[in-house]
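Since the structure comes first, as structure tokens, the remarks are kept for the end.
We did not get these values from a lab; they are worked out from the coordinates using the rules stated. In this text the structure is predicted, and so the values were computed from the model without any measurement. Cβ placement follows ideal geometry from the backbone for every residue including glycine, while neighbour counts extend to all protein chains displayed.
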Amino acid sequence: MSTDVLAERARIQALVEGRTLPDALADTVREHGDQPAYSDKHHAPEGESWRTLTWSETSELAHDVAAALIEIGVQPGDTVAIMASNRIEHYVADIAGTLAAATPMSIYNTLSAEQVAFVAGHARPTVVILETADHRARWEKALGEVDSVKRIVMIDEDWADLAAAGAAYRAANPDAVAGRTAQLTPDSPATILYTSGTTGNPKGVVLTHHNVLYEAMSTQERAGLMDPQRSVSYLPLAHIAERVLGLYGPQITGSHMYAIGDPAQLLGALGEVHPTAFFGVPRVWEKIKTGLSAKLAADPDEANRKLVEDSMAAALAWVEAQEVGGTMTPEIEADYRQADEQILGFLKLLLGLDQVTWAGSAAAPMPLDVAKFMAGLGLKVYDVYGMTETCGAVTANGPGGFKLGTVGSANPGMEVKLGEDGEILVRGPVNTPGYHLQEDATRALIDEDGWIHTGDIGTLDDDGFFAVVDRKKELIITSAGKNVAPSNIENYLKESPLIGHAMAIGDGRPYVVAILTLDGEIAPVVAQSMGIEFTDLAELAEKPEIRALVQQAVDAANERLSRPEQVKSFELLPVEWTAESEELTPTLKLKRRVVNTKYADVVDRLYG
């Protein structure tokens, strides 16, 4: 380990040494107690859109719920399972579980009954907190099989009684919660996150208080977000990015999070909240790009379109001049300022992104064309890289240095390198101690020298910036022995606003083919503008005019690909893939095995 990495690690370790999440929360309550902590749209006061708790109120309610958990019989180290959308009770339940020295764990709302039963049988929760009848139905099988559960709490029916019972228990036992919290150490589990799993049963990633505090501190420092921010929380709290940015980080900085229960309402919420910091998985940025592109293209005024085009070119030049290796000139700065005043500031205002000082992306590499489109608005979207097993980001772009098309350089105190085969390896204070009760899987993940094997293939440039090529297991090796990265092909295909999702196939086959879906929002708008009559997306996928446009998108992608990468044939499906459909994970990543199995007949036909 270099002296620089050692010094950076020691500096951040000193900030979090000996501390747990309740220590961070107590500091924030002292410093920002009367400031807003969490808002959501459940039970908002009359005449208002949001209900809000301050940091003092959040802490007080969490202590009440922690007391209730203790009274129910939750013991130190027990798990408390939460399946709910992003809402105040979800954050409070998590914080309460921690205060009671338990291990709170958010479960993806989209897991099947069989997967929930597996997780419940594996983690054996003492209390299960659920939101909807659908969530209860997903837990029925588990509740019939697992004997560890002492209490089921339905948020809308039971939460008020739970909190009241906890307040009464605290009054009678004033030291109970503090006594529990004192049993925590930095090595205590802060959570177990069951990975959404593109293959097989989920694995439970254990993350300690030290893991999450080091990660939150290093990530926020790299992003320049050490002051309280205003942000939107919409990704599942079972996802590590949302936990770091929406749950753990705010307990350190005193930020204000607006919780969105339904990600479909995200774009509308941005217009209400105007966040100062905003994180989006690549699919969110793609949706913003396609939506805005369609509106701009529909403007009948050629002069307006030319103004936007020239302004976005000026903004892209401005962002690129700030990249590592770029050079800013007074002319570039002046051109951008003028473009921002004329039109770009207005476009960002429309999107609700006009006050953003930090924008980030992760979960999959950001397509370069999307990053450049956002740069064309004057938005630097900092791509970062990490995984659940590394408690989130281990490399990042940020205000201190960035390159579009990369996932940045190693975070403070982190060791990141490439293995002999190009696999990204990680070692540092954010690494999980292992998978819950799965020693074989842990040994396969972490080698004897402490390096996590991420399963991602990457590149590293002379400036220390990493780029992710693809998942090691997902690289296509054609029957001719050519190595092909499917994500590269898919990103080019999705540059067409018509195409919602794309999956390239070709492993062990003579050439590459693709399965495509239409974008459920943009495709109907395009069809209407062309005067095409249709009743649904399935009918639209059959229209010759639409198929011709999709063919053009495939041809355009092929022009930019080498011969072994080119798509020789494709199928346009009559369905859309969404977070609720089985083809995508909750963070909108492709489940390749599911698609290959479900559409095996389509694949056979494409090679027929």
Would you mind computing, in nm to one decimal, how far apart the modelled labels at Ala10 and Asp262 are, each placed 7 Å from Cα along Cα→Cβ?
-> 5.4
Against the longest alpha carbon principal axis of the chain, how many degrees, from 0 to 90 and to the nearest 10, is the axis of helix 21-32 turned?
-> 90
How big is the Rg/Rh ratio for region 283-424, C-alpha atoms only, Rh by Kirkwood, two decimals?
-> 1.02
For region 18-279, what is the largest minus smallest coordinate of the Cα atoms on each principal axis, given in angstrom and ordered from greatest to least?
-> 46, 42, 40
Using the alpha-carbon atoms, what tilt in degrees (0 to 90, nearest 10) does helix 209-223 show relative to the longest principal axis of the chain?
-> 40
Extending each Cα 7 Å along its Cβ direction at Ala444 and Asp158, get the distance between those two points in nm, one decimal.
-> 3.6
Virtual spin-label span in nm between Ser2 and Ala321, 7 Å along Cα→Cβ = 2.9
Dipole moment magnitude, nearest 20 debye, the chain about Cα centre, only Lys, Arg, Asp, Glu C-beta charged = 840
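Evaluate the charge dipole of region 419-560 about its Cα centre and quote only its size in Debye, nearest 20, assuming +1 on the Cβ of each Lys and Arg and -1 on the Cβ of each Asp and Glu.
Its charge dipole is roughly 320 debye.
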Give the residue from Ser409, Gly325, Met366 lying farthest towards the positive end of the charge dipole for region 283-424; charges sit on Cβ (+1 for Lys and Arg, -1 for Asp and Glu) and the dipole is referred to the Cα centre.
-> Met366
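Give the calculated FRET efficiency between Asn596 and Asp134 to the nearest 0.05, with a Förster radius of 25 Å applied to their Cβ-Cβ distance.
After rounding to 0.05, the efficiency reads 0.35.
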Full extension from Glu420 to Ala172: what is 0.36 nm times the residue separation minus their Cα-Cα distance, to one decimal in nm?
-> 83.1 nm
Sort largest first and round to whole Å: the equivalent ellipsoid semi-axes of the chain, each the square root of five times a Cα gyration tensor eigenvalue.
-> 39, 28, 26
Would you mind getting me the FRET efficiency between Ala44 and Tyr607? Use the beta-carbon distance for r and R0 = 41 Å, nearest 0.05.
-> 0.15
Calculate how steeply helix 113-123 sits against the longest principal axis of the alpha-carbon atoms of the chain, using the helix alpha-carbon long axis, and give the answer as 0 to 90 degrees to the nearest 10.
-> 50
Mind checking which of Leu606, Asn483, Leu572 is farthest towards the positive end of region 475-607's charge dipole, using Cβ charges of +1 (Lys, Arg) and -1 (Asp, Glu) about the Cα centre?
-> Asn483
Cα to Cα, under 28 Å, and not fewer than 8 places away if on the same chain: which lysines meet these conditions relative to Lys141?
-> Lys150, Lys203, Lys589, Lys591, Lys598
Considering the dipole of region 18-279 built from charges on the beta carbon (Lys and Arg +1, Asp and Glu -1) around the Cα centre, which of Ala133, Ala101, Pro45 is farthest to its positive end?
-> Ala101
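To two decimal places, what compactness ratio does region 40-141 give when its Cα radius of gyration is scaled by 2.2 N^0.38 Å? Walk me through the intermediate numbers first.
Values: Rg = 14.5 Å, N = 102, 2.2 N^0.38 = 12.8 Å.
Rounded to two decimals, the normalised Rg is 1.13.
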